[in-house]
Amino acid sequence: MDDDYVHRLHELGALLGHDDAYEERDVHVAALIHMWERAGLSVPAILAAVDAGTLSLDFLDSPAWALPEPLPITYRELAEEHGIPPHLLHGIHEAMGFAAPDPDDPVPPDDTVLAELARIVLDLGASDDSVRRLFRLYADNVRRLALAEADLYLEELEKPWAGSGADESELMLRGAEVGRRMAGPVERTIRALYERQRQHIWTEYGVRRAEMALERAGLLERAESTPAICFVDMTGFTRLTEEQGDEEAARLATSLAALVNEVSRTHGGRAIRWLGDGGLFYFEDASAAFTAALEMSARAPSAGLPPTHIGVQAGPVVFRDGDVYGRTVNVASRIADQARAGEILTSHETVERVNGGEVSFEQARSVELQGVERPVTLYRVVGRA
């Protein structure tokens, strides 16, 4: 959006300011009209709708649209201050899906942290490409979160408001107010969730390292008890969601949760983590995990559910803050990913642990699992012994 475009909007009466004395609202109006025009809307038609009162831009006066004051430094100076090549700051913005700034543009306050984090990652020994990948990873996931949040807002708030008679201008004004009220709490919630997830991942990493050390010392097999982890998933859940819609998918996920929670409790297990279309369950006794898995698989069709696919792995786990960690959890998850519709799979080492129990097995196939050094021979649970 260049000076000629701004001058054009001024000539059309879209902006209130004059020459270099534009108000903050003018900046928002220009950016919004530019976005609408790129989406195929006519600028004269937009302004005619505003003049006729069928479209209001009053929502731009909400504090939610307030612009932060830029810092008194340019991107070129920011790069020099942190010892970062200017082209890397350019690449970070592109990796995040944003227009790359001009080196002499003033820096918004939020962008200083980009340079700070990039410097830390570089100092740790990462390459420029790794820095760009990291920021792309952050941006892609935050974008998906923001889109999902917007979908929820449209379905649960805007749709009922529109049904009650609110016009487009009122809806945009209400949306701006929702954003203003939620921004702070949402930011703090996301930060708290990130910290919990980070602790989870690093705890899991530490457990894996400890297990590797015990295994090298020949001590891993000395665990006194052999619990088991069971991963249960609905087969074809993504396709089902696309074909039947979110509401039906949510209903099925709720039904599955009720079924597997009931069955796991009956056999001495407990739910640890629910994953939308499935869940992770802990059993103190591996044989009980297989008995429960057989019942879950058998009862799913009669409950009106798609077939399940299940992975079970026996071995030591570590509890922390109500969650479980360790190699056993990782392997159980990878095994579940290998299971086909209606299958219950486990590993050769688990079969050896429960040999002589209440369940019978047959060899299925040998596979390589992510995060596991050697190929794993999978066994299929065929029924009670």
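What follows draws every value from the coordinates through simple rules; no lab data is involved. Small disclaimer: the values here were computed from a predicted structure and weren't measured. All Cβ positions, glycine included, derive from the backbone under ideal geometry; neighbour counts span all protein chains shown.
Taking the chain as the reference, fit the longest principal axis to its C-alpha atoms, fit the long axis of helix 168-216 to the helix C-alpha atoms, and give the angle between the two in degrees, 0 to 90, nearest 10. Between helix and principal axis, roughly 40 degrees.
What the phi angles of the range 9-15 give under the Karplus curve with 6.51, -1.76 and 1.60, with θ = phi - 60°, is a coupling list of 5, 5, 5, 7, x, 7, 10 Hz, glycine and proline written as x. Annotation for Ala139 and Lys159: the two label points, set 7 Å from Cα along the Cα-Cβ direction, are 3.1 nm apart.
Expressed in Å, the radius of gyration and Dmax of the Cα atoms of the range 274-365 are 13.1, 37. What do you get for chymotrypsin sites (Phe, Trp or Tyr not before Pro) in the range 39-116 restricted to DSSP loop and a cutoff of at most 14 other Cβ within 10 Å of the site's Cβ? Answer in residue order: Phe98. Shape summary of the range 145-229, radius of gyration then Dmax from alpha carbon positions: 23.8, 71 Å. Over the chain, Cα pairs under 8 Å with separation of 6+ residues give a relative contact order of 11 percent. Less than 5 angstrom separates the built amide H of Ser360 from those of Val382, Gly383, Arg384, Ala385, all sequence-distant by 5 or more or on a different chain. Here the simple spin-label model places points 7 Å from the Cα toward Cβ, and for Leu117 and Arg198 these points are separated by 1.0 nm.
Out of every Cα-Cα pair that the range 75-197 contains, those further apart than 27 angstrom amount to 37 percent.
Quick one: helix 327-338 against the long Cα principal axis of the chain, what's the angle to the nearest 10°, folded into 0 to 90? Computed tilt is about 80 degrees. A full extension of the chain between Arg216 and Gln363 corresponds to an added length of 50.1 nm, given 0.36 nm per residue minus the alpha carbon distance.
Rounded to the nearest 10 degrees, what's the angle between the helix 112-123 long axis and the longest principal axis of the chain, both from Cα atoms, 0 to 90? It is inclined by approximately 40 degrees. From helices alone, the chain scores -17500 deg cm²/dmol at 222 nm; the rule is -39500 (n - 2.57) for each run of n ≥ 4 DSSP H residues, then divide by the residue total. Stokes-Einstein diffusion for the chain, with the hydrodynamic radius set to the Kirkwood value over Cα pairs and evaluated at 20 °C in a medium of 1.002 mPa s, equals 83 µm²/s.
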